[in-house]
Every structure is written in C-alpha cells, then in structure tokens.
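Asker: Take a look at the following structure, please.
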Amino acid sequence: MIKNFWKRKHIVELFVKLVMMFSIALVGGSLLLILATVVARGLPALTWEMVSQTPKGGFYMGKGGGVLNAILGSLYLAGGGTALALALSLPMALVLKTYLGDSKAGSLVRLSLDVLWGIPTIVYGAFGFAVMILLGMRSSLLAGILILSLVELPIMTRAMDEVIRRMPKGLEHAALALGSTKLEVATKVVVPQMLPGIITAILLAFGRGIGDAASVLFTAGYTDRLPSSLMSPTASLPLAVFFQLSTPYPAVRERGYASALILTIVVLVVSFGSRALSAKLSKYTVK
Amino acid sequence: MESHIQVKDLKVSYGKQEVLKNVNLEIPRNRITVIMGPSGCGKTTLLMTMNRFLELNEGVTIAGQVLVDGHNIYSPDVDVTEVRKRVGLLAQRPTPLPMSIFDNVSYGMYIHQMRKETIEYKQAVRHYLELAGLWDEVGKRLHDPATALSIGQQQRLCLARGLAVEPEIILGDEPTSALDPVSSAHIEHKLLELKEKYTTVVVTHTLRQAKRLADHVVFMYLGEVVEQGPAAEVFGNPREERTKQYLQGLF
Amino acid sequence: MIPPIGSSTTGATGWQPQPVALARAKSNERARKIFLGFTALPVVLILLVTLGLLIRSWPILSTYPLQDLLFGEVWKPSKMLFGLLPFITGTVWITAVGVLISVPPCLLVAIYLSEYAHDSTRSFIRPILDLLAAIPSVVFGVWGLVTIVPFVESTVMPFAKAAFPYIPFLKVDQPTGFSVLSGGLVLAVMIAPLLISVVYEVLLTVPNDLRRASLAIGATQWETIRRVLIPQVLPGIIAAVVLGASRALGETIAVLMVVGNVPQIPTSIFDAAYPLPALIANNYGEMMSIPLYDSALLGAALILLIIILIFNVLSVIVLQRVKQRKWE
C-alpha cells in the first residue's frame with residue numbers, strides 16, 4: 001500500500017493539479033494585470049479637474065476641462081435604465097416563480113431571457129437607432145435610458161429569478177398555509193426574504209449598464225455639456241474613454257486612461273458595495 | 001481467530017462535534033462482521049474510515065489508526081487508491097457508472113491496468129458477473145447502458161464492479177436498504193457465499209438482517225463501541241445493558 | 001391554470017368566503033392576469049428586434065442576392081459594393097482564436113473549483129471571477145491597447161516570424177500588433193468568467209454518488225474526472241463553449257480597439273481584421289447620404305443577431321436540460 005510517486009497515475013494527477021493552479025494564476029493574473037494597467041496609466045492624469053469640470057474649448061486637443069459631463073451622463077443613463085428595468089423585472093421574476101414555476105411556459109420565458117441576455121449590445125444599439133429614425137427622434141438621454149433598460153432587463157430578471165428560486169420552499173408553503181394568497185406571498189414573504197439577492201441583481205445590472213458603450217453609442221449620443229433634459233444628447237464614460245483614446249494627442253489619451261480609471265472605480269465600488277450590502281441585509285433572512 | 005482490520009483509538013469529528021469517541025475494534029478475517037446500532041450512532045462514519053472515504057467530506061478530522069494487515073492506512077506514505085482497491089465498497093444505493101454494463105465491470109480493472117488483452121477483459125467481466133450472480137441476466141446485453149437494469153440488478157452489478165479489482169475486504173453500507181425484499185435476499189445470499197474469500201463488514205440498521213448475516217457483531221451507540229464479539233455471544237448473551245435494550249427493540 | 005386560493009379559512013363561520021377574502025382573491029386574480037402578460041415581454045422583445053432589423057435591412061436584402069452580401073469580398077459603399085465576407089471572416093477568426101485560447105484554462109479552473117477546491121479556496125476565487133465579469137468592455141479595450149497589442153507586436157510576432165515562417169496561419173504580414181490574435185487574447189479574458197461559471201454549474205449537477213462510485217474502486221480524482229464526469233457532462237461543456245463563443249461574437253468596443261479594423265479577409269492570426277460589430281459601431285449613425293448604406297449596416301447587424309440567436313438558443317436549451325438532469 002506504500003505510495004509509489006513515480007506511478008504514472010500519480011504523476012498525471014500531480015501534473016493536472018499543477019496545470020490547474022497555473023490556469024487559476026492565469027485568470028487571477030489577468031485581472032490583476034488589467035487593474036494594474038488601468039491604475040498605472042490612469043492615475044497620473046487623474047486630477048480634481050477631471051472629475052469636477054466639463055470639457056472646455058480645445059479639450060480634445062489637450063486643453064483644460066474634465067469629464068464631469070460623462071460621469072453624470074453615465075450615472076443618469078445607468079440609473080434611469082436600471083430603474084426602468086427594475087420596474088419590469090421584479091414583477092417578471094415574481095411571476096416566473098409564483099405563477100409559472102418550472103412549467104413549460106416558465107422554461108420558455110427563462111430561455112427567452114437568456115437569449116435576450118446573449119444579444120450583443122451593439123445590436124440593441126443599432127435596433128434602437130433604427131427605431132429612433134423611424135420616430136424622428138434624435139439621440140437623447142431618454143433613448144439611451146430605454147436601450148440600457150433593454151440591455152439590463154434580462155440580466156436583472158434572471159439574477160432575481162435565480163435568487164427567488166433558491167428561496168426555502170417551506171417558507172412559502174407556511175405563508176400559503178396561513179391563508180395568504182399568492183400575491184400576498186409574493187409581496188410580503190418572497191420580496192423581504194429575497195431583498196439581499198434582489199439588491200445584488202440590481203447592482204449587477206447597474207454595473208453592466210454603466211460600463212456598456214455599444215448600446216449608447218448611437219442612442220444617447222455625446223455632448224460636452226451636462227445632461228439637462230431627457231431629450232438632449234448625453235455623454236457617457238465608456239464613450240469618453242473611447243473617444244479620447246481615438247485622438248492622436250498624447251495629453252488627451254492620458255485623460256482617456258484617467259477616464260477608464262474613473263469608470264473602473266465606479267464599477268468596482270458598485271461590485272464591492274453590492275457584496276457588502278447584501279451581506280449586511282441577509283442577517284434576517286431565513287437560510 | 002486472526003483479525004484482518006484493527007481500529008485503534010479512532011476519533012472522528014465534524015467541526016467541533018465528535019462523532020466517534022475513541023473506537024477500538026478487531027475485525028476477523030474471512031467472516032462477516034455486522035456493525036449495528038440506532039441511526040446516528042456513527043456506524044456509517046466508522047465504516048467510511050476503513051476505505052478512507054470519510055475524508056472526502058469537508059471539515060472532518062480523523063485521529064487514530066485503522067490497520068489493515070497490520071499496516072496503518074492513515075499513515076502518510078500510504079497510497080489511497082491502493083487502499084480503496086483493497087477495500088471495496090457496496091454503497092447504500094446502487095451507483096452504476098454512466099457507461100455500459102461491460103464497461104462498469106471492466107472500469108476498475110482498466111484503471112489499475114490489471115489485464116492486457118481484450119480477451120482477458122472479456123473473460124474477467126464474465127467471471128465477476130457470474131460471481132455476483134448477474135451473468136445469466138445480462139450476459140447477452142453487456143453493451144446496454146447500466147442504468148437500464150433494475151435496481152436490484154444494478155446493486156449486483158456494483159458488487160461485480162467492486163470484486164473485479166480483487167479486493168480483500170468488502171464494506172457494505174446498508175447495501176440492501178434501497179432494494180426490494182427479493183433483491184435484498186439475493187445480495188445477502190451473495191455476501192454469505194463470498195465470505196469464504198473476503199473479509200466483509202456490513203452496516204445495517206435492521207436487526208433481523210444482522211442476525212442473518214453476522215459471524216461477528218459490533219454494537220455502537222452515540223459514537224462509542226458498546227460491545228463486540230462473536231454473533232452467538234452478543235445476540236445470545238449480551239454483557240452490556242444497552243445492548244440488551246437494543247436487542248429488545250427499546251431504541 | 002392555478003385556481004385562486006383566496007377562499008381561505010379566515011371566517012370562523014364556515015367555508016363560505018368572507019367579503020375581505022373575496023376582495024383578496026379578486027386582486028390575486030387580477031394580478032395574475034397582468035403579470036402573466038409581463039412574462040410574454042422577453043419573447044416579444046426578441047421578435048421585435050429581429051423583425052425591426054429585418055424590415056430596415058430589407059432594402060438591401062431585396063436589391064442584392066444574399067450570396068453577394070455574404071460572400072462578396074469588396075466593401076465599398078460609395079461604389080455600391082456591400083460585400084460582407086471580410087467582416088464575417090474577421091468575426092469568425094477573432095472569435096475562434098479567443099475561444100481556443102480561453103477554453104482549456106477555463107475548463108481546468110471550473111474543474112478545479114468543483115472537484116478539488118475547498119470552500120475557502122472557492123470563496124477566494126469567486127470574487128475574482130465576479131470582478132473580472134464586472135469590468136466594462138471599454139476597460140478591456142484599454143488594457144488590450146496598452147498591454148496586449150504592444151506585447152503581440154514586440155514579442156509574439158518576432159517570435160512567430162523566426163520560429164514558424166512557413167505556417168500560413170502564423171504568417172506575419174503587417175508591422176503592428178493590431179491583429180486577430182490581440183482581439184482573441186482580449187476576448188479570451190472577457191469570456192473567461194462566463195465559461196468558468198457555466199462549466200462549474202454544469203459539474204455541480206453531477207450527483208456525488210457517481211464520483212464516489214469511481215473513487216471507491218481506487219480511481220484517482222483525475223481518472224474519475226476524465227472517465228466518468230467529463231463524458232457525463234460533455235453536452236453541457238459544449239453548450240458552455242458555444243455560449244462563450246456567442247458572447248465573443250458580439251463583443252464590440254474592446255475588440256474594435258485592438259484588431260486594426262482593416263476590411264480584409266484575414267489569413268493569419270497576425271493579420272488585422274474588421275469584425276461585424278466594429279463595422280456597425282464605426283459607421284452606423286453617420287454617412288447616411290449613401291443610399292442603402294444604413295440598410296447594409298443593419299443587414300450586418302441582422303446576420304450577427306441570427307448567428308448569435310442560433311448559438312444561444314441551442315446552448316441555453318442544452319444547459320436547461322443539463323441542469324434539470326434530463327440528459328440520461
């Protein structure tokens with residue numbers, strides 16, 4: 001029974017484990033490398049002016065100003081998109097669980113949500129712009145919000161659906177046994193129990209919305225002014241990064257990196273925030 | 001009577017909960033030893049230490065020794081796969097692998113490279129299916145998926161699969177609890193036939209099965225071995241009060 | 001359908017529904033109808049997007065034969081030439097390279113997480129994947145631009161030039177690192193979280209009894225994985241890869257920033273390419289004066305959408321089945 005380490009199968013086992021460790025290092029290393037790159041490139045150009053001012057004349061040739069227009073624009077766009085998506089997806093996720101369950105219709109809805117999730121945002125953007133032309137609409141904050149809500153809807157609904165489906169069975173039955181209707185079960189038992197998961201889903205979708213460039217490229221447009229009304233074009237951070245990096249001026253490109261750093265920070269804060277928040281909220285839920 | 005497995009000062013805990021408290025055992029060679037006791041007494045845990053299966057659960061700490069032929073299987077220089085080859089396991093529910101009947105039986109032999117030619121594999125598969133009393137039923141459809149068999153047949157297939165790697169010891173973890181009475185009888189019958197060649201340790205919670213099978217009995221209660229000895233003694237004239245109570249059905 | 005359950009036992013007098021209970025039952029019923037309408041939304045949306053693109057690209061689809069669009073090699077809108085082949089092949093090359101690079105390590109990470117890792121290791125790796133999934137596309141693009149492109153240009157290309165001068169798909173024909181390989185590398189990292197988490201979930205559906213049945217005979221863990229687990233979940237793994245590929249197909253900004261955007265049919269991983277999403281992103285919304293131009297671009301979007309819909313539907317159906325353990 002003494003182990004012979006030179007036996008083929010033990011060598012293979014060890015080798016496989018080493019390759020697995022290497023793969024993990026590869027994935028983790030990529031994340032570190034990305035973060036390090038963005039910080040190293042972005043930090044030197046990240047000034048207070050960058051986050052507190054809008055672009056001044058000649059900004060895209062290296063003159064003064066910042067990307068406040070894009071920061072605020074992105075917050076409005078993603079905030080509006082998330083709110084709209086939430087208004088649709090929470091009821092949808094509840095219906096999926098409460099009325100459809102694991103039935104055929106339920107599978108079909110989940111399938112179509114997953115497919116919707118898979119549609120590239122550039123297609124949403126192109127579709128949105130085509131509709132806008134049809135309606136004679138110009139690119140605007142509203143159009144951007146509408147398209148982002150489409151992008152976020154499936155993400156949020158599926159995330160909520162997963163959370164709701166993992167709800168302890170007994171809880172719902174206990175509520176039904178007490179004489180609650182299905183609607184009451186949904187609003188008074190399911191939602192509070194699922195609150196941490198729901199918040200995670202919302203922030204997940206918000207993060208996806210704020211980082212997406214392809215969907216707002218045509219629909220929200222881009223402007224150096226602060227967003228003033230739903231009908232005016234609106235800048236966004238991903239596009240600010242993209243446009244600044246497309247210029248030949250080194251100073252502008254530096255600010256592109258800084259904008260990327262700002263965007264990364266926002267997304268990381270949202271990601272960590274949702275983790276912390278849901279951990280705090282899940283104190284009172286039944287596990 | 002020579003003992004094949006010795007358990008010495010074995011302590012097992014899940015996290016902080018102690019499930020086996022200082023267990024000492026002798027399991028005789030080429031006999032059927034039945035471990036019995038009320039549910040939750042740690043009998044399956046004890047069984048799973050004998051093929052080093054317990055460590056597959058997360059958060060388990062195991063201290064003490066389990067000796068097979070005088071060799072501690074928990075010693076760091078031991079090859080776990082060799083231990084498990086020598087100590088076969090018949091699980092609670094039959095678990096055919098998702099492959100054909102033939103491949104199920106030859107799987108272990110193939111893994112351990114115990115044969116060379118295809119013809120040898122064919123002969124060996126037939127031999128072990130016969131040994132498990134399944135050949136007559138499946139000899140003509142060896143390449144059907146194993147999941148197509150009835151539950152009782154699946155369990156005998158698992159027995160054949162275990163025997164095919166030529167173990168010395170067979171562990172049975174309530175091996176008939178998922179089966180109908182006829183299939184159960186079939187498995188029990190097989191175990192009795194096989195005890196000439198194999199040391200068998202069976203966990204059961206039915207007293208009648210224990211009486212039908214046992215040459216040697218271990219009675220456990222709350223993580224401790226209360227009493228062990230030849231079946232006739234333990235059943236006929238138990239020394240411990242708790243054993244008597246259990247035998248009278250008071251637990 | 002489910003009958004209303006409003007008729008509860010709130011009244012002590014008997015089983016007759018009380019007024020309050022009736023009102024509750026009614027609101028339950030009304031909610032059911034409204035809500036069921038909601039769930040049709042995703043299906044409607046998919047149809048709407050497809051139909052919308054189809055209608056808007058109809059002018060070009062009805063003017064040119066389909067094979068001229070799909071297999072035409074020249075894209076010159078000003079001369080009314082709308083051959084999409086360079087963009088389609090570009091997309092395929094970049095996606096294929098990305099998936100090929102990503103799949104082996106991602107499979108291994110997923111297997112490690114489900115078969116070898118302890119809970120503590122898992123809770124350490126999970127946030128890494130979540131963060132990687134949260135990073136915006138444009139940031140991946142920045143990373144590709146400042147790290148991957150120079151790396152490919154200064155290290156990989158000279159090496160390939162010296163080591164494999166005669167292998168066609170490794171031929172170095174252009175001086176910059178803006179290439180299929182750069183796009184593939186960026187994509188490989190981008191789809192990694194998706195691939196890993198889907199394969200991990202697929203592996204979780206395998207009952208533990210199977211692993212134990214194999215281990216009990218004395219198989220090593222890797223033997224168990226290779227001979228029992230992987231054959232069992234192969235459909236799920238393939239579906240995960242297809243899902244990853246479809247995600248890669250539609251990726252826009254990050255890829256656009258690193259592949260060079262030269263409308264040519266790539267023949268080597270060191271060639272520049274111009275994938276479909278980049279074509280749409282770079283040109284749509286401008287130059288509407290050329291007739292049929294926007295229709296052609298929406299046609300490109302339609303092609304992209306249809307490929308991705310097919311990939312997605314297939315893989316999602318397989319994965320749904322795998323998760324319900326219906327594959328036997």
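Asker: Enumerate the whole-percent occupancy of each 20 Å bin, from 0 to the last occupied one, for all C-alpha pair distances of the protein assembly as shown.
Answerer: Taking every Cα pair in the protein assembly as shown, the percentages come to 13, 36, 31, 17, 3, 0.
Asker: Ignoring ligands, DNA and RNA, how do C:Ser214, B:Ser75 rank by accessible area with a 1.4 Å probe, largest first?
Answerer: B:Ser75, C:Ser214
Asker: Please work out the Cα convex hull volume for chain A and give it in Å³ per residue.
Answerer: Values: hull volume 64.2 nm³, N = 287.
About 224 Å³ per residue, rounded to a whole number.
Asker: Related question: 222 nm [θ] for chain C, helices only, -39500 (n - 2.57) per DSSP H run of 4+, per residue, to 500? Provide the component values of the computation, followed by the final result.
Answerer: On the way: 14 runs with 209 residues, N = 328.
Value at 222 nm, helices only: -21000 deg cm²/dmol.
Asker: To the nearest Å, what is the center-to-center distance of the stretch C:250-317 and the stretch A:178-227, using C-alpha atoms only?
Answerer: One Cα centre to the other: 29 Å.
Asker: List the aspartates and glutamates whose Cα sits under 19 Å from the Cα of A:Lys104, skipping any in the same chain fewer than 8 residues away.
Answerer: A:Asp114, A:Asp161, A:Glu162
Asker: Continuing with this model, one more query. Evaluate 2.2 N^0.38 Å with N set to the residue count of the stretch A:1-151, then give the Cα radius of gyration divided by it.
Answerer: 1.70
Asker: As a quick test, which of the pairs A:Lys17/B:Lys43; B:Lys8/B:Lys244; A:Lys7/B:Lys8; A:Lys3/B:Lys8; A:Lys97/A:Lys280 have an alpha carbon distance above 32 angstrom in this structure?
Answerer: Check vs 32 Å cut-off fails for A:Lys17/B:Lys43.
Asker: C:Ala272: net charge of surrounding residues, Cβ under 14 Å, Lys/Arg +1, Asp/Glu -1, itself excluded?
Answerer: After counting each charged neighbour, the total is -2.
Asker: With a 10 Å cut-off between alpha carbons and a GNM built on chain B, which of B:Pro96, B:Pro167, B:Pro76 moves the most?
Answerer: Comparing B:Pro96, B:Pro167, B:Pro76 in the GNM, the peak value goes to B:Pro76.
Asker: Related question: Once amide H atoms are placed 1.01 Å from N in the peptide plane, what residues at a sequence separation of 5 or more from B:Val78, or on another chain, have their amide H within under 5 Å of its amide H?
Answerer: Residues meeting the criterion, in which the H sits 1.01 Å from N, are A:Lys3.
Asker: While we're looking at this one, here's another question. Round to the nearest 10 and report in Å² the accessible area of B:Glu168, as given by a 1.4 Å probe over the protein chains' heavy atoms.
Answerer: Solvent-accessible area, nearest 10 Å²: 60 Å².
Asker: OK, next. Dividing the alpha-carbon radius of gyration of the stretch C:196-328 by 2.2 N^0.38 Å (N being the number of residues), what value is obtained?
Answerer: Here the Cα radius of gyration is 1.50 times the empirical estimate.
Asker: For a protection proxy built on the mean count of beta-carbon atoms within 10 angstrom, sort C:177-189, A:150-162 highest first, please. Intermediate values should be presented prior to the final figure.
Answerer: On the way: C:177-189: 28.5, A:150-162: 24.4.
So the order, starting with the most tightly packed, is C:177-189, A:150-162.
Asker: Next up: For peptide C:103-109, how many partner chain Cβ atoms fall within 10 Å of a residue's Cβ, on average?
Answerer: On the way: counts 0, 2, 9, 3, 2, 10, 9.
That works out to 5 on average.
Asker: Same structure, new question: So in the protein assembly as shown, what percent of DSSP beta bridges are antiparallel if you round to the nearest 5?
Answerer: Counting DSSP beta bridges with both partners in the protein assembly as shown, the antiparallel share is about 60 percent.
Asker: When Rg is the radius of gyration of the Cα atoms in the stretch B:3-247 and Rh is its Kirkwood radius, what does Rg/Rh come to?
Answerer: Value, to two decimals: 0.98.
Asker: Within a 10 angstrom radius of each residue's Cβ in C:279-286, how many Cβ atoms of other chains show up on average? Whole number is fine.
Answerer: Mean partner-chain Cβ count within 10 Å for C:279-286: 5.
Asker: With the dipole of chain C worked out from charges on the C-beta (+1 for Lys and Arg, -1 for Asp and Glu) around the Cα centre, which of C:Pro127, C:Tyr274, C:Gln264 lies farthest toward the positive end?
Answerer: Checked the options; the winner is C:Pro127.
Asker: If each DSSP helix of 4+ residues adds -39,500 (n - 2.57) and the sum is divided by the residues in chain B, what number results at 222 nm, nearest 500 deg cm²/dmol?
Answerer: Computed mean residue ellipticity for chain B: -10000 deg cm²/dmol.
Asker: Here's another thing I want to ask about it. Search the structure for amide H atoms under 5 Å from the amide H of B:Val226, placed 1.01 Å from N in the peptide plane, and list their residues when 5 or more places away or on another chain.
Answerer: Here B:Phe219, B:Met220, B:Tyr221 satisfy the definition.
Asker: If you take the Cα atoms of the stretch A:196-285, find Rg, then find the Kirkwood Rh from the mean of 1/r over all pairs, what is Rg/Rh?
Answerer: With Rg and the Kirkwood Rh in hand, the quotient comes to 1.10.
Asker: Further question: What's the center-to-center distance, using Cα atoms, between the stretch B:193-221 and the stretch A:128-175 in Å?
Answerer: 61
Asker: Starting at the first residue of the stretch B:143-149, write each ³J(HN,Hα) from the Karplus equation 6.51 cos²θ - 1.76 cosθ + 1.60 with θ = phi - 60°, in whole Hz, x for Gly and Pro.
Answerer: Those phi angles translate into 9, 6, x, 5, 5, 6, 6 Hz.
Asker: Can you quote the Å³ per residue value for the convex hull of the Cα atoms in the stretch C:18-110, rounded to an integer? Intermediate results must be reported in sequence, preceding the final value.
Answerer: On the way: hull volume 16.9 nm³, N = 93.
Normalising the Cα hull of the stretch C:18-110 by residue number yields 182 Å³.
Asker: Taking a cut-off of 17 Å, what percent of all Cα-Cα pairs in the stretch B:132-232 are separated by more than that?
Answerer: Numbers: 2802 of 5050 pairs.
Looking at the stretch B:132-232, the distances longer than 17 Å represent 55 percent of pairs.
Asker: Then there is this: Roughly how many debye, to the nearest 20, is the charge dipole of the protein assembly as shown about its Cα centre, given +1 on each Lys and Arg Cβ, -1 on each Asp and Glu Cβ, and no other charges?
Answerer: The dipole magnitude comes to about 1140 debye.
Asker: Between the stretch B:114-173 and the stretch A:229-287, how far is it from one alpha carbon centroid to the other, in angstrom?
Answerer: One Cα centre to the other: 61 Å.
Asker: Among C:34-41, B:233-240, how do they line up by average Cβ neighbours within 10 Å per residue, starting with the highest?
Answerer: Those peptides, ordered most packed to least, come out C:34-41, B:233-240.
Asker: Ignoring ligands and nucleic acids, what accessible area does B:Lys8 show with a 1.4 Å probe (Å², nearest 10)?
Answerer: Its heavy atoms expose roughly 80 Å² to the probe.
Asker: For the stretch C:100-204, what mean projected area does the convex hull of the alpha carbons give, in nm²?
Answerer: 7.8
Asker: For the stretch B:49-121, take every pair of Cα atoms, bin their distances at 10 Å starting from 0, and report each bin as a whole percent.
Answerer: Whole-percent P(r) values from 0 Å outward: 15, 39, 31, 14, 1.
Asker: Relative to 2.2 N^0.38 Å, what does the C-alpha radius of gyration of the stretch C:83-142 come to as a ratio? Two decimals please.
Answerer: 1.55
Asker: Please get the size of the charge dipole for chain B, origin at its Cα centre, with Cβ charges of +1 on Lys and Arg and -1 on Asp and Glu, quoted in debye to the nearest 20.
Answerer: Here chain B has a charge dipole of around 300 debye.
Asker: Can you show me the helix-derived [θ] at 222 nm for chain A, built from DSSP H runs with n ≥ 4 at -39,500 (n - 2.57) apiece and divided by the number of residues, rounded to the nearest 500.
Answerer: Computed mean residue ellipticity for chain A: -23500 deg cm²/dmol.
Asker: Residues of A:7-17, mean number of Cβ from any other protein chain within 10 Å of their own Cβ, rounded to a whole number?
Answerer: Mean partner-chain Cβ count within 10 Å for A:7-17: 4.
Asker: Can you work out the Karplus-derived ³J(HN,Hα) for every residue in the stretch A:71-83? Use 6.51 cos²θ - 1.76 cosθ + 1.60 with θ = phi - 60°, whole Hz, and x for glycine or proline.
Answerer: 4, 5, x, 4, 5, 4, 4, 5, x, x, x, 5, 4
Asker: Using amide H atoms built in the peptide plane, which far-off residues or other-chain residues are under 5 Å from B:Leu89 H to H?
Answerer: B:Leu171
Asker: While we're here: Once you've got the GNM for chain C with C-alpha springs shorter than 10 Å, pick whichever of C:Arg247, C:Arg122, C:Arg32 has the biggest mean-square fluctuation.
Answerer: Most flexible of the set in this elastic network: C:Arg32.
Asker: Here's a follow-up. By what distance, in whole Å, do the Cα atoms of the stretch C:50-323 stretch along each of the three principal axes, largest value first?
Answerer: 71, 48, 34
Asker: Follow-up question, since we're still on this one. In the Gaussian network model of chain A, springs joining C-alpha atoms below 10 Å, which of A:Lys63, A:Lys17, A:Lys97 carries the largest mean-square fluctuation?
Answerer: In this elastic network of chain A, the residue with the biggest mean-square fluctuation among A:Lys63, A:Lys17, A:Lys97 is A:Lys17.
Asker: Apply the Karplus curve 6.51 cos²θ - 1.76 cosθ + 1.60, θ = phi - 60°, to the phi angles in the stretch A:118-134 and return the couplings in whole Hz, x for Gly and Pro.
Answerer: After applying 6.51 cos²θ - 1.76 cosθ + 1.60, I find x, 5, x, 5, 5, 5, 4, x, 5, 4, x, 5, 4, 5, 4, 4, 4 Hz.
The values are calculated or read from the model by the stated rules, or taken from the named source; none is laboratory data. Quantities reported herein were computed from a predicted structural model and do not represent experimental measurements. Cβ sites come from the backbone with ideal geometry, for glycine too, and all protein chains shown count toward neighbours. Calculation scope for accessible area: heavy atoms of the full protein, side chains included, ligands and nucleic acids excluded. Shrake-Rupley method; radii C 1.70, N 1.55, O 1.52, S 1.80 Å.
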